[in-house]
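The next block holds one structure in the form of structure tokens; read it before the comments.
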Amino acid sequence: MIDPLVAALLGGMLIGLSAAALLVLTGRIAGISGVIGGLMRPGRDPAARGDKRWRLAFFVGLLVGGALLRALYPAAFGGAVSRSMPALVVAGLLVGFGTRLGNGCTSGHGVCGVSRFSRRSIAATMTFMATAALTVWVVRAVFGGTL
């Protein structure tokens, strides 16, 4: 068994390496909301179709990577979800709204933007981290940890 600290370090390095590779090799930012959003935009010109191809490949790679992890190390998925379906739906909608409002998500701003010293991304990351901490506090203090 690998030490959790080493595993976290290696995982972070792989995320940084993959984001850097996408940026250096294609000039694209590895922001998941932007990648997926670009797949959903209609586009009829050939350039848009080419743009959709790399986005689809990126998305499929995320799914295949998760499926491989599930097959090779199922214990990684052992945690149970302890929230109600309505709470999960509301949380998902709020994350989607925040992603649109902030023009990006944790991967785009937090991984790619902060590493490029983007002031906008640093501000966005500070905002969503503070909001997350406040949300956890409210759920635990006000709702007793259940929702």
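A few notes on this one:
- Think of it as helices only: each DSSP H run of n ≥ 4 in the chain is worth -39500 (n - 2.57), and spread over all residues that comes to -23000 deg cm²/dmol at 222 nm.
- Computed E for residue 117/residue 146 - FRET, C-beta separation, R0 35 angstrom, nearest 0.05: 0.30
- Förster-model FRET efficiency, 22 Å R0, residue 15 and residue 73, C-beta, rounded to 0.05: 0.80
- In this simple spin-label approximation, residue 91 and residue 25 carry label points 7 Å from Cα along the Cα→Cβ vector, and these lie 3.3 nm apart.
- Long-range HN-HN contacts of residue 147 with modeled amide H, under 5 Å: 84
- Taking the range 81-147 and dividing mean pair separation by its residue count, relative contact order in percent (alpha carbons under 8 Å, at least six apart): 29 percent
- Most mobile listed residue (102, 78, 16) in the chain, GNM with C-alpha springs under 10 Å: 78
- Cα-based Rg of the chain normalised by 2.2 N^0.38 Å, two decimals: 1.20
- Convex hull per residue volume in Å³, alpha carbons only, for the range 81-147: 84 Å³
Every read-out reported here was derived from the displayed coordinates using simple, explicitly stated rules and does not represent laboratory data. Because the structure is a prediction, the values reported are computed rather than measured. Here Cβ is always computed from backbone atoms with ideal geometry, including for glycine, and neighbour counts include all displayed protein chains.
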